[in-house]
Amino acid sequence: MLGRVALWGPEFAADPHAVYARLRDYGACAPVELAPGVNATLVTSYRAALDVLHDTETYSKDPRVWQHTIPADSQILPMMMWRPNALFNDDETHARYRQAISDSLSLIEPHELRDITHRAADTLIRDFAARGEADLIGQYALPLPLLVFNDLFSMPETHGEQFVTAVNRMFDAASPEEAARGNEEITRYLIELVTMKRGRPGQDLASWLIEHPTALNDQEVVDQLVTALSAGYEPVTNLIGNALSRMLSDPRYYRTVSSGALTATDAITDVLWNDPPLANYSVHYPRRDVDLHGTWIPAHTPVVISYAAANTCPADLPPGPRTDYGAHLAFAAGPHACPAKQPAVLIATTAIDRLTGWLCDIHLAVPYDQVAWRPGPFHRALASLPARFTPIAPDQKGTSPWTACPSSSTRQAATSQGRPLASATQDPPSA
Ligand code: HEM
């Protein structure tokens, strides 16, 4: 046996599936460390994962008993500490918050979300399209979901950049002061948003939460918006990044950037099964000492579900191709399953289609095995994704951004210094 395995170091980030394979020697559950000195049980079996996710009698999502045993400055707390939202509560409290957020999310019209994502994508692509190279994480996948949220909140475009900076400051947590500053800026942005919408509601996510029959107070609305942001931002970034990295490194996808067989949807399905954006989460706490598929787990200690390991668990899955993305655990399962599956997949698919539609010869600037992954026990996140493409020139602002992509027969070499505008259309050419 291995002893307790650290999920926070570079070894895990470099090759998580090798670590899951070793952890399977323990059976359905394995002892891991989420941060230095912070122990947990990781569930790697699909069946055991489902048992925990559906068993609200035995397991609670409320971390408060455990939390008091952890140093207040532990780096793991921001992802695990109790908050007044759906994720960290059980029963009626959970139901109330979840109802408000899922009803509000259900009012987003898919065609509007597609338009919003197109706008966000075009804003970002416009910034780097003429350069012929970009970091597809830092310049695209990372800011894109935030611009989408800004638009879903009906905040002016000018607030988008401010918002991106503040959220990045908080999530990057380069120093405790920077994280606190980011947190303050986001809270200010959200309080301003809620005050504005309380006075003049519109057709947007914040207004729908404010007007929801569960009658959330202003602080609760801010808390649910923070949850939507923190639950939704990084996973969408990672879904876009992980899917793009697959598409640009695998010839079956690469050809499809302009012509071929496999699409962005295939890449996204592949990622949700094999490299889920949130790899390990759904932290549950047994209400009493329990035996989970042969592992004895003390009460009130964290049990973490490995969606990545469970999805690829050889013992539990039927053989054959897995194309049905309804059965993987990337969005968890049971009462706390992600209420934003459809919009999240729609944003990621649209963002990838838009990028590859405009920059049809885009390719990785480094070999795939040299791309860097960010360490951390919960996410599967690229640090950067350098890419090159034939530069394209922006059209005048406010109208269609660029020329249509030339067909593959007329495509210029990736080293060319730019191509002239041939025709200006609002939409990129279809692949
Ligand atoms: C690819 C993108 C996404 C992935 C992979 C993802 C995955 C997940 C997972 C695995 C959970 C369960 C977490 C747990 O039980 O501890 C969850 C819950 C949640 N997600 Fe997502 N999510 C994504 C996008 C979003 C977005 C865009 C939003 C909001 C706009 C969102 C809102 C939520 C909320 C509110 C919960 C808590 C639900 C509850 O506890 O009842 N997610 N998500």
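Laboratory data are not the source of any read-out in this text; all were calculated from the coordinates shown. Since the model is a prediction, treat every value here as computed from it, not as a measurement. Cβ coordinates were reconstructed from backbone atoms using ideal geometry, including for glycine residues, and neighbour counts include every protein chain displayed.
Summary of values
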{"quantity": "Percent RCO, i.e. relative contact order, over the stretch 5-410, from Cα pairs under 8 Å lying at least 6 residues apart", "calculated": "25"}
{"quantity": "Net +/- balance of residues flanking residue 62 in space, Cβ distance below 11 Å, scoring K and R +1, D and E -1", "calculated": "+2"}
{"quantity": "Difference of contour (0.36 nm per residue) and Cα-Cα distance, residue 96 to residue 165", "calculated": "21.7 nm"}
{"quantity": "Filtered GluC sites (Glu not before Pro), the stretch 10-93: DSSP coil and at most 13 other beta carbons within 10 Å", "calculated": "57"}
{"quantity": "Computed over the stretch 1-62: relative contact order in percent, which uses C-alpha pairs under 8 Å that are six or more apart", "calculated": "28"}
{"quantity": "Magnitude of the charge dipole, the stretch 79-123, Cβ model with Lys/Arg +1 and Asp/Glu -1, debye to 20", "calculated": "140"}
{"quantity": "Approximate spin-label separation residue 370-residue 107, in nm, with each point projected 7 Å along Cα-to-Cβ", "calculated": "5.0"}
{"quantity": "Net dipole in debye of the stretch 122-196 [+1 Lys, Arg Cβ; -1 Asp, Glu Cβ; about Cα centre; nearest 20]", "calculated": "60"}
{"quantity": "For the stretch 88-119 and the stretch 191-229, distance of Cα centres in Å", "calculated": "12"}
